[in-house]
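Right, one structure below, let's go through it.
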Amino acid sequence: MKTLSTDMIRIYSARVARFAGLTAVAVLLGGVALQFVGRASAEDARVIPAPSVDEKAGSAGTETAVLAGGCFWGVQGVFQHVNGVISATSGYTGGSKDAAHYEMVSSGDTGHAESVRIVFDPHKVSYGHLLQIYFSVTHDPTELNYQGPDTGTQYRSAIFPTSQSQADIAHAYIDQLNHAKVFDANIVTKIEPARQFYVAENYHQDFLTTHPTYPYIVINDLPKIKNLQHLFPSDYRADPVLVTASAGAN
């Protein structure tokens, strides 16, 4: 039997509580076998209109967006495959620095959301277009404080704008999508300005890429990559931009 690393044991121990609400869970460690019944499959992606209000590329070479939409493994994995994204880093946003640790955030009492900081080239991809991918592919923005098998405020749908322009675009886009009744229910995504992002532990970075057979990834996140490729083929990059690669280049 394959021996699990300390980090994987830590991840498994923290994540197993997420599956308590499923109708059935069967786990076989070391054999990459996991069967879910209930609310465990990836949310369906959908075609949505582009934002009618968006930024125009200025003189800045890079811009930063911070988004939360459930488990950061899948959100990070999606944006790592988007053309124009320079880096996508998993972390925590909404709470204090002292509470920005996985075990604490997993309690749901810290104010943090599992989030992803996206550094992008606005000359190649706009902030509004990143939001289009975010609402279409990465998660279901009508689900309040849960995504798939994950429940709690740490999995809330939230946008953490890094400028007033980003806040205005996010507000306008949510109003646009709600008015067009693109979704079956109103969007519950919160817009939370002036929040500090804290980088998550190393073992969470690039998790989708480095653990492609991990059952949670197979069921919940790999379909999102396929949806990105299908719905946004011109934005899809086959080789993800990885945190580990960026660190090695510095």
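Open to solvent by 10 Å² or more (accessible area, probe 1.4 Å) and closer than 19 Å to ASP235 by Cβ: does that describe PRO161? No: the conditions fail for PRO161. Taken as a whole, the structure leaves ALA200 outside the set of residues that are open to solvent by less than 60 Å² (accessible area, probe 1.4 Å) and over 26 Å from GLU103 (Cβ atoms). Against the numbered list (1) among the hydrophobic types (A, V, I, L, M, F, W, C); (2) over 17 Å from the mean Cα position of the chain (by Cα); (3) under 21 Å from ALA194 (Cα atoms), ALA113 comes up short only at (2). The condition (being under 21 Å from PRO149 (Cβ atoms) and touching a helix residue (DSSP H, G or I) at 6+ places or on another chain (Cβ under 7 Å)) is satisfied by just one residue among ASN220, ASN186: ASN220. Contact map, the stretch 107-123: residues that are open to solvent by less than 30 Å² (accessible area, probe 1.4 Å) paired with residues that are assigned to a loop (DSSP other than H, G, I, E, B) and among the aromatic types (Phe, Trp, Tyr), Cβ distance under 8 Å, separation 6+ or inter-chain. Pairs shown: SER115/PHE160. Among residues of the stretch 179-206 that are in contact (Cβ under 8 Å) with a residue 40 or more places away in the chain, those with a Cβ under 8 angstrom from a residue that is assigned to a helix (DSSP H, G or I) and hydroxyl-bearing (Ser, Thr, Tyr), sequence gap 6+ or separate chain, pair up as ALA200/TYR102; GLU201/TYR102; HIS204/TYR102; GLN205/THR244; ASP206/THR244. Every condition in (1) under 14 Å from the mean Cα position of the chain (by Cα); (2) open to solvent by less than 40 Å² (accessible area, probe 1.4 Å) is met by GLY152 except one, and the failing one is (1). Of all positions in the stretch 203-220, at least one carries a residue that is closer than 24 Å to VAL125 by Cα, open to solvent by less than 60 Å² (accessible area, probe 1.4 Å), among the aliphatic types (A, V, I, L, M) and under 15 Å from the mean Cα position of the chain (by Cα).
The values are calculated or read from the model by the stated rules, or taken from the named source; none is laboratory data. For clarity, every value in this text was computed on a predicted model and none was experimentally measured. Cβ atoms come from the backbone with ideal geometry, glycine included; neighbour counts cover every protein chain shown. The protein model used for the area step is the full one, side chains on, heavy atoms only, and it has no ligands, DNA or RNA in it. Shrake-Rupley method; radii C 1.70, N 1.55, O 1.52, S 1.80 Å.
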